[in-house]
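Report on the following structure.
The values are calculated or read from the model by the stated rules, or taken from the named source; none is laboratory data. All of these numbers come straight from a predicted model, not from anything done at the bench. Cβ placement follows ideal geometry from the backbone for every residue including glycine, while neighbour counts extend to all protein chains displayed. Surface accessibility is based on the protein's heavy atoms, side chains included, excluding ligands, DNA and RNA. Shrake-Rupley method; radii C 1.70, N 1.55, O 1.52, S 1.80 Å.
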Amino acid sequence: MVSDVHGNARDLARAGEGADALICLGDLVLFLDYADHSRGIFPDLFGAENAGRLVELRTARRFEEARELGARLWGGIDADRASVIEKAVRKQYAEMFAAFPTPTYATYGNVDMPSLWPEYAGPGTTVLDGERVEIGGWTFGFVGGGLRTPMRTPYEISDEEYAAKIEAVGEVDVLCTHIPPEVPELVYDTVARRFERGSRALLDAIRRTRPRYSLFGHVHQPLTRRMRIGATECVNVGHFAGTGKPWALEW
């Protein structure tokens with residue numbers, strides 16, 4: 001089980017060793033590395049110094065200034081912004097999807113571009129979003145993407161659309177999402193020093209349907225990685241880009 005891969009293809013290629021299946025909870029793309037400002041699409045285009053400035057503004061929640069900085073930098077590039085980003089994302093996706101073992105079950109993160117996934121997901125990779133699948137006799141439900149934020153990442157959707165996908169999944173043994181339930185200890189990032197967006201609909205579904213596990217990522221350095229909500233074990237499976245270590249679920 002991995003989440004927030006953010007360009008770590010080297011470790012991803014080994015993540016499924018010894019497992020019956022690999023589950024990926026999204027965020028394959030590395031746009032900007034908050035720990036290493038030289039890595040990602042943004043510094044490749046604009047340099048590590050500008051990447052560091054952007055991280056500084058975002059960490060201080062000065063989102064309007066961050067957008068103004070981005071607009072100035074993009075204004076100096078002749079090519080269309082969308083096409084430049086898509087080209088860079090395609091390069092990363094080719095590497096990431098080639099590293100997936102068979103079988104892999106995956107859903108989108110908030111920085112992913114779902115429209116491109118069908119081009120790169122091979123026959124051994126099953127992509128699910130608002131859907132269920134049986135693995136080893138247990139039912140797994142998958143809900144991808146994130147909720148809308150001032151960051152305006154590529155795959156952010158409305159609370160209503162997200163809740164509909166949670167509802168479509170229904171009762172499962174393991175509920176797999178990119179973002180966590182809306183619990184302060186699970187959504188606070190201790191390094192970015194901010195509360196990320198969690199889902200109230202997901203929290204309500206956990207309380208109502210009582211899955212064995214709720215598994216997620218999104219928050220890279222959470223205040224709490226693991227806690228119980230009623231009968232459900234809630235686990236942040238980890239910032240795979242930083243640790244290179246998958247989280248194992250055994251039953």
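General observations
- Candidates Thr243, Thr209: the one that is hydroxyl-bearing (Ser, Thr, Tyr) and within 19 Å of Leu32 (Cβ to Cβ) is Thr243.
- From the options Arg228, Arg212, Arg207, residue that is over 18 Å from the mean Cα position of the chain (by Cα), in contact (Cβ under 8 Å) with a residue 60 or more places away in the chain and open to solvent by 70 Å² or more (accessible area, probe 1.4 Å): Arg212
- Subset of region 17-36 (residues that are assigned to a loop (DSSP other than H, G, I, E, B) and closer than 24 Å to Glu156 by Cα): Leu25, Gly26, Asp27, Leu28, Val29, Leu30, Phe31, Leu32, Asp33, Tyr34, Ala35
- Residue among Asp78, Asp44, Asp20 that is open to solvent by 20 Å² or more (accessible area, probe 1.4 Å), in contact with a Gly (Cβ under 7 Å, 6 or more places away or on another chain) and more than 23 Å from Arg193 (Cβ to Cβ): Asp20
- Hey, Ala71 over 22 Å from the mean Cα position of the chain (by Cα), of a type outside the set (S, T, N, Q) and part of a helix (DSSP H, G or I) or not: yes
- For region 120-139, the tally of residues that are in a strand (DSSP E or B) and open to solvent by 30 Å² or more (accessible area, probe 1.4 Å) stands at 8.
- When region 240-250 is limited to residues that are open to solvent by 40 Å² or more (accessible area, probe 1.4 Å) and of a type outside the set (Asp, Glu), the one that is farthest from Ala15 (Cα to Cα) turns out to be Gly242.
- Of all the residues in region 85-117, those that are outside any loop (DSSP other than H, G, I, E, B), more than 14 Å from Pro154 (Cβ to Cβ) and over 16 Å from the mean Cα position of the chain (by Cα) number 6.
- Hey, Phe142 touching a strand residue (DSSP E or B) at 6+ places or on another chain (Cβ under 9 Å), part of a strand (DSSP E or B) and open to solvent by less than 30 Å² (accessible area, probe 1.4 Å) or not: yes
- Residue in region 160-178 that is open to solvent by 10 Å² or more (accessible area, probe 1.4 Å), closer than 27 Å to Ala66 by Cα and at pLDDT 95 or above present: no
- The residues in region 184-198 that are in a loop (DSSP other than H, G, I, E, B) and open to solvent by 20 Å² or more (accessible area, probe 1.4 Å) can be counted, and the count is 5.
- One residue stands out among those in region 188-226 that are under 26 Å from Leu12 (Cα atoms) and of a type in the set (A, V, I, L, M, F, W, C): the one that is modelled with the lowest pLDDT, which is Ala192.
- Among the criteria (1) modelled with pLDDT under 95; (2) in a loop (DSSP other than H, G, I, E, B), the one Arg58 does not fulfil is (2).
- Condition check for Leu175 on (1) within 20 Å of Arg225 (Cα to Cα); (2) among the aliphatic types (A, V, I, L, M); (3) assigned to a loop (DSSP other than H, G, I, E, B); (4) touching a Ser or Thr at 6+ places or on another chain (Cβ under 6 Å): one failure, at (3).
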